[in-house]
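Okay, structure first, notes after.
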Amino acid sequence: MAHIATSDEIRPFRFDVPDEQLVDLRRRIAATKWPEQETVTDASQGVQLATIQKLARYWGTDYDWRKVEARLSALPQFVTTIDGLDIHFIHVRSKNPNALPMIIAHGWPGSVLEEIKLIGPLTDPTARREARRRV
């Protein structure tokens, strides 16, 4: 019988992409069939071919998913169900016992990666101030 989560149940979460999926993603990016180059010199017809090809090369060869995966795995992650939708979240407590709790959310099609750089400064602002003083 499948487990049906309730809205108040918090479950641990770990993001782990199998190597086969990354290989397949890179293969599909490399196999992209590109349209002819646009007929104008600006973006009036949409994203220019050279721009999108550069982005595809980045995702296909340069992006280090394992590095990003390690950054995510270093943080305590969870999932809970709210109104029938699984919500993924990272829960990091401040080093300051009097800190106010904060919730930072991203929109769609955003990613938690957009917010990850805020965790350190918000949970340990003293370390950030001390680091700036040393510079």
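The values are calculated or read from the model by the stated rules, or taken from the named source; none is laboratory data. Small disclaimer: the values here were computed from a predicted structure and weren't measured. Glycine gets a Cβ as well: all are built from the backbone with ideal geometry, and neighbour counts include every protein chain shown. SASA here: full protein model, heavy atoms, side chains in, ligands and nucleic acids out. Shrake-Rupley method; radii C 1.70, N 1.55, O 1.52, S 1.80 Å.
Peptides 74-81, 85-92 ranked from most to least packed, by the mean per-residue count of other Cβ atoms within 10 Å: 74-81, 85-92. What is the sum of charges around ALA50, taking Lys and Arg as +1, Asp and Glu as -1, for the other residues whose C-beta is under 15 Å from the C-beta of ALA50? Summing Lys and Arg as +1 and Asp and Glu as -1 gives -1. Rounded to whole Å, the principal axis extents of the Cα atoms in segment 25-86 read 48, 30, 20, largest first. Relative to its residue count, the chain spans a Cα convex hull of 224 Å³ per residue.
Hey, any idea what % of the chain's accessible area is carbon plus sulfur with a 1.4 Å probe? About 57 percent, which is the carbon plus sulfur part of the accessible surface. Split the chain at each of the trypsin sites (Lys or Arg not before Pro) in a DSSP loop with at most 12 other beta carbon atoms within 10 Å, and the longest piece is 34-92. Averaging Cα coordinates gives a centre for segment 105-119 and one for segment 62-93; these two points are 10 Å apart. Summed over the residues of the chain and divided among them, the accessible surface reaches 83 Å² per residue at a probe radius of 1.4 Å.
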